[in-house]
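The values are calculated or read from the model by the stated rules, or taken from the named source; none is laboratory data. Not measured: the values here are computed from a predicted model. Here the Cβ positions follow ideal geometry from the backbone for every residue, glycine too, while neighbour counts run over all protein chains shown.
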Amino acid sequence: MVRRFLELLAREASAVEFEGPVIEARAAGADPAAVEELERAKVEALRVRALLRRRARREAELSALYDTAGDLAALRDLDAVLEAIVHRARQLLATDTAYLTLHDPDRGDTYMRVTDGSISAKFRALRLAMGAGLGGLVAQTATPYSTADYFADARFRHKDHIDEAVQEEGLVAILGVPLRLGQRVIGVLMAANRSARPFHQEEVSLLASLAAHAAVAIDNARLLQETRNALEELSQAHRTARAHAEAVERAATAHDRMTSLVLRGGGIEDVAAVVTDVLGGSLAVLDDLGRPLTGHVTGLTDLVRPPAGSAGSAGSAGSAGSAGRAGAPDDPGWDAGAVDAGVLEAAQASRALGRTVRRGDLRIASVDVGGEPLCTLVLRSDDADERILERAALVCALLLLFRRSVAEAEGRVRGELLDDLISRPGSPGLADRARRLGIDLTAPHVVVVARHDGQRERAAFWASSQAAQRHGLAAARPGEVVLLLPGRDPGALAQRTAADLSASLGTPATAGAAAPGTCAPGTGGPLDSAGVAQAYREARRCADALVALGRAGDGAGAGELGFVGLLIGEGRDVPGFVGAALGPVIEYDARRGAALAATLAAYFGTGMSPSRTAESMHIHVNTVTQRLDRIGKLLGDGWQEPERALEIQLALRLHRLGHTPSP
């Protein structure tokens, strides 16, 4: 019979089958001693069976732990490691669900990190304070805890939000073990059933062993991730350093190109061409007043907002910003517009910070000298290398400073010559000195005197720039600048000078002009050095007259001042004045044999009364009215206004004295 039990053990029979030999012996009528012996053999056989099963289960558990350790060691991603841990725990303990919480050092609690078999969103988002619930108690004490019925177990500090989440998940029996690294608890690994059941010590030991492997795997994954992050940061730093080195090298190469251009006599246009060649895009170089110095403005016309009646409109090509200009932009908007205020504010910020400032898709670098703006570069480009733009701004500033120095030196020479022409007209060698400066004294010239209250240095620089560009002379004196420029129309030059100098200084400038030399009065002609002083005095009187007449900021010659010009003019061009005031009437009388001039004289002589005029001339009043209508058409509207009427009456008296304009 004992052999029967060995056979049952060998084929791993069920526990019920071990009752068979005892039942058969009793049925066969065996004596009680034999039956009792079989009972003892059955008990021993069942003990052996139970031991074999426990060892088999332990072997399976150890094999599973070994496989788990291998799986965890092969994983490199922390999320994958955590998911593998929880899934293997659920498999090994054959529970309905398993989950893992990790410690949050910032908030001092634990939070649900990974779940397997969970169905409740509220449970998956659960956070456990230290000591709260089963998981919080495990995390606080670093000791395993299990319960066959969580809600009936008073050992745990129940919290409403925890119990609600556990109840929503339907959990009843829960086992939790700590995830420990040395003395530090980094989380809790838990397995749970949705029905009541006790957890045996073997299961606690099994989950604790898995937790030990898991803690090491988590730490390894964390260290690996940190290493990866460090390597990525190092790689990024290397890429950044390499890009920085390349940018520095490219900036140095561009700087060498710009420096070489300057040494070969290149200008701002050439520097701008280097910048656009290296960086691409569109570039504008602006002077201290925000006006363009180069033609590289394609695609930047949105910087311009053309104001009505701008002082920099057509005819202002000789403005202050023209000094050192490398080329006028092709876009006419630049000649008539003003740079957007936002760009000027960005330029001011760039000068204050000493670096490039961004405004939308524009990059703006500006340079000043002694607190005074010198030049501004505005770039639109996809390339963000601001070093090249800043170096280009410095090179352009140096070019402008050099040109300013040259202009100032040349201006002193030109100023000395103009001073000599005014104060020492008969001095020998004046013509030779003018010839060396490229000035043709045989050509018609005009003297312009511009009065101003602005900065003297800026006015002097503007005047010298104008003289250099227009092949003339300039001199700066307190409160005024004097120009000797080629031309034939004093009035037009005076008006242009007043407008441009006002724009440059930002304050009104008033200009008077006169033609010196042997030319006909009121028009420019060949320069007579002896007449420059005379023209200078007349130009000053014209400027003074404009101020006295309330026309500050305007420009005029004697011809534009009417009878005032006749009084102050050195040549006193009486026929010219008569022609300007009365010419159409005199010409009509000469052509038609009419008596409009006589009628006009009688009209003014009788107090502008048509009836008394008719009586004095012995003609019908309708005839007087018709003649006055004809006079109005010839002289234009406003001829009877007081100031105009005064000029006409003076012209009539001079006409009677024989001062008739040439036909």
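Among the residues of region 157-194, those that are part of a loop (DSSP other than H, G, I, E, B) and either among the acidic types (Asp, Glu) or closer than 18 Å to Thr115 by Cα (or both) comprise Gly170, Leu171, Val172, Arg194. Looking across region 100-112, the residues that are closer than 11 Å to Met190 by Cβ and in contact with a Phe, Trp or Tyr (Cβ under 8 Å, 6 or more places away or on another chain) come down to Thr101, Met112.
Annotation: of all residues in region 358-376 being without any contact (Cβ under 8 Å) to a residue 12 or more places away in the chain and over 8 Å from the mean Cα position of the chain (by Cα), the one that is farthest from Gly290 (Cα to Cα) is Gly370. Filtered by the rule that a residue be touching a Gly at 6+ places or on another chain (Cβ under 9 Å), more than 27 Å from Arg404 (Cα to Cα) and at pLDDT 50 or above, region 269-299 gives a lone residue, Gly281. Scanning region 341-357 for residues that are in contact (Cβ under 8 Å) with a residue 12 or more places away in the chain and more than 18 Å from Leu289 (Cα to Cα) gives Arg355, Thr356.
Rundown of residues vs (1) out of contact with any Asp or Glu (no Cβ under 6 Å at 6 or more places or on another chain); (2) assigned to a loop (DSSP other than H, G, I, E, B); (3) not assigned by TED's automatic domain parsing to the domain that holds Arg53, yes/no style:
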position	(1), (2), (3)
Leu8	no, no, no
Glu12	yes, yes, no
Glu17	yes, no, no
Gly20	yes, no, no
Glu24	yes, no, no
Ala30	yes, yes, no
Val35	yes, no, no
Leu38	yes, no, no
Val43	yes, no, no
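Checked against (1) at pLDDT below 85; (2) assigned to a helix (DSSP H, G or I), Arg612 meets all criteria but (1). The listed residues are Ala460, Ala474, and the only one of them that is at pLDDT 70 or above, closer than 25 Å to Ala545 by Cβ and part of a helix (DSSP H, G or I) turns out to be Ala460. Of Glu232, Glu203, all but one fail to be under 30 Å from Leu134 (Cα atoms), at pLDDT 85 or above and outside any strand (DSSP E or B); the exception is Glu203.
Residue pairs whose Cβ atoms lie under 9 Å apart, separated by 6 or more positions or on different chains, with the first residue in region 443-454 and basic (Lys, Arg) and the second surrounded by fewer than 19 Cβ atoms within 10 Å (Cβ to Cβ) and in a loop (DSSP other than H, G, I, E, B), are Arg451/Gly479; Arg451/Ala552. Residues being assigned to a helix (DSSP H, G or I) and under 25 Å from the mean Cα position of the chain (by Cα) are represented in region 279-288 by at least one member.
Residues in region 610-657 that are crowded, with 17+ Cβ neighbours inside 10 Å and of a type in the set (Gly, Ala, Ser): Ala614, Ala651.
Okay, residues lined up against (1) in contact with a Phe, Trp or Tyr (Cβ under 7 Å, 6 or more places away or on another chain); (2) more than 12 Å from Ala192 (Cα to Cα); (3) aliphatic (A, V, I, L, M):
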| site | (1), (2), (3) |
| --- | --- |
| Ala84 | no, yes, yes |
| Leu93 | no, no, yes |
| Thr97 | no, no, no |
| Val114 | yes, yes, yes |
| Ile119 | no, yes, yes |
| Gly133 | yes, yes, no |
| Thr141 | no, yes, no |
| Asp149 | no, no, no |
| Ala154 | no, yes, yes |
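Which condition number in (1) at pLDDT 70 or above; (2) out of contact with any Asp or Glu (no Cβ under 9 Å at 6 or more places or on another chain) is the one that Val406 fails? The single condition Val406 does not satisfy is (1). Just one residue in the set Leu128, Leu92, Leu82, Leu100 is part of a strand (DSSP E or B), touching a Leu at 6+ places or on another chain (Cβ under 7 Å) and not hydroxyl-bearing (Ser, Thr, Tyr); that residue is Leu100. For region 627-653, the candidate set comprises residues that are free of Cβ contacts under 8 Å to residues at least 24 places away in the same chain and small (Gly, Ala, Ser); within that set, the residue that is nearest to Ala580 (Cα to Cα) is Gly636. On inspection, Val547 qualifies as at pLDDT 75 or above, farther than 20 Å from Leu650 by Cα and surrounded by fewer than 24 Cβ atoms within 10 Å (Cβ to Cβ). Any residue in region 237-257 that's surrounded by fewer than 10 Cβ atoms within 10 Å (Cβ to Cβ): show its pairings with residues that are in a helix (DSSP H, G or I) and modelled with pLDDT of 80 or more at Cβ separation under 7 Å, as long as the two are six or more apart or on different chains. Every condition considered, no pair remains.
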